[in-house]
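Below: one structure in structure tokens.
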Amino acid sequence: MLTLSHALKQVFHCPEESNFYAHCLESLVLNASDNSQLIVELGSGEGSPVIKSLLRTDFDGKIQGFELNKVAWKIAQSQIKEYELSDRYTVNNCSFFDSPLYESADCVISNPPYLPAVDDKIYQPLLHGGSDGCKIAKKLLSLGCDEVLLMVSSYSNPVGLIDYAWDRGYSVANFEITPLNFGYYSSEPKVKRAIATLREQGMAFYSENIYLLAGVLFKKQQKAQRDLSNELIKLMTAF
């Protein structure tokens, strides 16, 4: 288990968040999908969320992941082999955006980098989500895939992200929300200052003890049977 600060700086480690991502992937995508689907993932980390989801569902389509962190990628490779999932889950040690795979994907999934900060000089630079925390999430929504599953933080301009999705033709088809404690990465002073600034600007919502993390399934408006954007905004801005 990664517990020391130097290890936490090498590979993202937050069991609560990873488990919730796995749950959202399972309930919002895998259990509701056609098994022939191709799913493409940005930021696979060490692979645990997808591996857990695949072991708990009957989904037998393909998931192609991308992870820039070489240490995390090596762990993912080992775990995929251990659980004999190589025919269903592949993680590539290269940039998601440099591959054309997302162009043919049925669904894009990600727990994207969402730490806000003035620059990427933080404990883990690959967790930097731009000045408001939703830069990478917006980039994923700009690709035009029919379905996009994103983890959305209440302190990373969630209203701006949902509005951006709507402007690009997406509805909030479904979502799940969980409270999380501020952890190792979000408690870094530089990140905390950025979050406080966003709160002053009406772009971050949290209490002294917790923030909210949502797993949000965005669907193209013409394919969505409903839009839960207003409900999601009300919940994410409750603090």
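The values are calculated or read from the model by the stated rules, or taken from the named source; none is laboratory data. What you see is a predicted model; the values in this text were computed from it and never measured. In this analysis, Cβ positions are derived from the backbone assuming ideal geometry, glycine residues included, and neighbour counts consider all displayed protein chains. These accessible areas exclude ligands, DNA and RNA; they are computed on the full protein's heavy atoms, side chains included. Shrake-Rupley method; radii C 1.70, N 1.55, O 1.52, S 1.80 Å.
What residue, among those in segment 229-239 that are among the hydrophobic types (A, V, I, L, M, F, W, C) and touching a strand residue (DSSP E or B) at 6+ places or on another chain (Cβ under 8 Å), is surrounded by the most Cβ atoms within 10 Å (Cβ to Cβ)? Let's see the steps before the verdict.
Going through segment 229-239, the residues among the hydrophobic types (A, V, I, L, M, F, W, C) turn out to be 232-233, 235-236, 238-239.
Remaining after also requiring touching a strand residue (DSSP E or B) at 6+ places or on another chain (Cβ under 8 Å): 232, 235-236, 238-239.
On the way: LEU232: 20, LEU235: 16, MET236: 24, ALA238: 12, PHE239: 15.
Within segment 229-239, the match that is surrounded by the most Cβ atoms within 10 Å (Cβ to Cβ) is MET236.
Show the residue pairs meeting these rules: Cβ distance below 8 Å; 6+ apart or different chains; first residue within segment 225-239 and in a helix (DSSP H, G or I); second residue surrounded by 12 or more Cβ atoms within 10 Å (Cβ to Cβ) and of a type in the set (Phe, Trp, Tyr).
SER229/TRP166; LEU232/PHE175; MET236/PHE205
Follow-up question, since we're still on this one. Please tell me if PHE12 is under 20 Å from VAL152 (Cα atoms), of a type in the set (Phe, Trp, Tyr) and within 12 Å of the chain's Cα centre (by Cα).
Working: under 20 Å from VAL152 (Cα atoms): yes; of a type in the set (Phe, Trp, Tyr): yes; within 12 Å of the chain's Cα centre (by Cα): no.
No; evaluated as a whole, the condition is false for this residue.
What pairs come up if the first residue lies in segment 22-34 and is over 8 Å from PHE59 (Cα atoms), the second is in a helix (DSSP H, G or I), and their beta carbons are under 6 Å apart, counting only those six or more places apart or on different chains?
ALA22/PRO49; ALA22/LYS52; ALA22/SER53; LEU25/SER53; GLU26/SER53; GLU26/ARG56
Another question about this same structure. Please determine whether any residue of segment 197-211 is among the hydrophobic types (A, V, I, L, M, F, W, C), within 22 Å of ILE39 (Cβ to Cβ) and in a loop (DSSP other than H, G, I, E, B). Before the answer, list the steps.
Step one: of segment 197-211, the residues among the hydrophobic types (A, V, I, L, M, F, W, C) are 198, 203-205, 210.
From what is left, the residues that are within 22 Å of ILE39 (Cβ to Cβ) are none.
No, because not a single residue in segment 197-211 is among the hydrophobic types (A, V, I, L, M, F, W, C), within 22 Å of ILE39 (Cβ to Cβ) and in a loop (DSSP other than H, G, I, E, B).
Something else about it: Scan segment 56-64 and tell me whether some residue there is of a type in the set (A, V, I, L, M, F, W, C) and within 24 Å of ASP98 (Cβ to Cβ). Quick ask: steps written out before the conclusion?
Of all residues in segment 56-64, those of a type in the set (A, V, I, L, M, F, W, C) come to 59, 63.
Checking the rest, the ones that are also within 24 Å of ASP98 (Cβ to Cβ) come to 63.
Checked against the condition, which is being of a type in the set (A, V, I, L, M, F, W, C) and within 24 Å of ASP98 (Cβ to Cβ), segment 56-64 yields at least one hit.
Would you be able to tell me the number of residues in segment 171-191 that are touching a Phe, Trp or Tyr at 6+ places or on another chain (Cβ under 8 Å) and basic (Lys, Arg)?
Selection size over segment 171-191: 0.
I've got another one for you. In segment 184-228, what count of residues is obtained for those that are open to solvent by 30 Å² or more (accessible area, probe 1.4 Å), modelled with pLDDT of 95 or more and touching a Leu at 6+ places or on another chain (Cβ under 7 Å)?
Number satisfying all stated conditions: 1.
Checking the structure you have, find out if any residue of segment 41-62 is modelled with pLDDT under 95, open to solvent by less than 30 Å² (accessible area, probe 1.4 Å), part of a helix (DSSP H, G or I) and under 23 Å from TYR185 (Cβ atoms).
Taking every residue of segment 41-62 in turn, none turns out to be modelled with pLDDT under 95, open to solvent by less than 30 Å² (accessible area, probe 1.4 Å), part of a helix (DSSP H, G or I) and under 23 Å from TYR185 (Cβ atoms).
Then there is this: When segment 166-196 is examined, which residues are found to be without any contact (Cβ under 8 Å) to a residue 60 or more places away in the chain, in a helix (DSSP H, G or I) and closer than 13 Å to LEU141 by Cβ?
ASP167
Quick one: in segment 96-121, of everything that is farther than 21 Å from VAL152 by Cα and among the hydroxyl-bearing types (Ser, Thr, Tyr), which residue is surrounded by the fewest Cβ atoms within 10 Å (Cβ to Cβ)?
Step by step, filter segment 96-121, then rank; the result is SER104.
Test each condition in (1) open to solvent by 10 Å² or more (accessible area, probe 1.4 Å); (2) without any contact (Cβ under 8 Å) to a residue 60 or more places away in the chain for LEU127 and report the one that comes out false.
(2)
Cβ-Cβ distance below 9 Å, separation of 6 or more or different chains: which pairs start in segment 54-79 with a residue that is free of Cβ contacts under 8 Å to residues at least 24 places away in the same chain and end on one that is assigned to a helix (DSSP H, G or I) and buried (at least 21 other Cβ atoms within 10 Å of the Cβ)?
Cβ pairs passing all conditions: ASP58/LEU30.
If you take the residues in segment 15-39 that are over 12 Å from the mean Cα position of the chain (by Cα) and of a type in the set (Ser, Thr, Tyr), which one is modelled with the lowest pLDDT?
Within segment 15-39, the match that is modelled with the lowest pLDDT is SER36.
Of the numbered conditions (1) open to solvent by 40 Å² or more (accessible area, probe 1.4 Å); (2) out of contact with any helix residue (DSSP H, G or I) (no Cβ under 7 Å at 6 or more places or on another chain), ILE177 fails exactly one; give the number of that condition.
Among (1) open to solvent by 40 Å² or more (accessible area, probe 1.4 Å); (2) out of contact with any helix residue (DSSP H, G or I) (no Cβ under 7 Å at 6 or more places or on another chain), the lone unmet condition for ILE177 is (2).
Mind checking which residues of segment 93-123 are assigned to a loop (DSSP other than H, G, I, E, B) and without any contact (Cβ under 8 Å) to a residue 60 or more places away in the chain?
From segment 93-123, those assigned to a loop (DSSP other than H, G, I, E, B) are 93-95, 99, 105-106, 111-114, 116-123; that's our starting set.
Those that are assigned to a loop (DSSP other than H, G, I, E, B) and without any contact (Cβ under 8 Å) to a residue 60 or more places away in the chain: ASN93, CYS94, SER95, SER99, TYR114, ASP119, ASP120.
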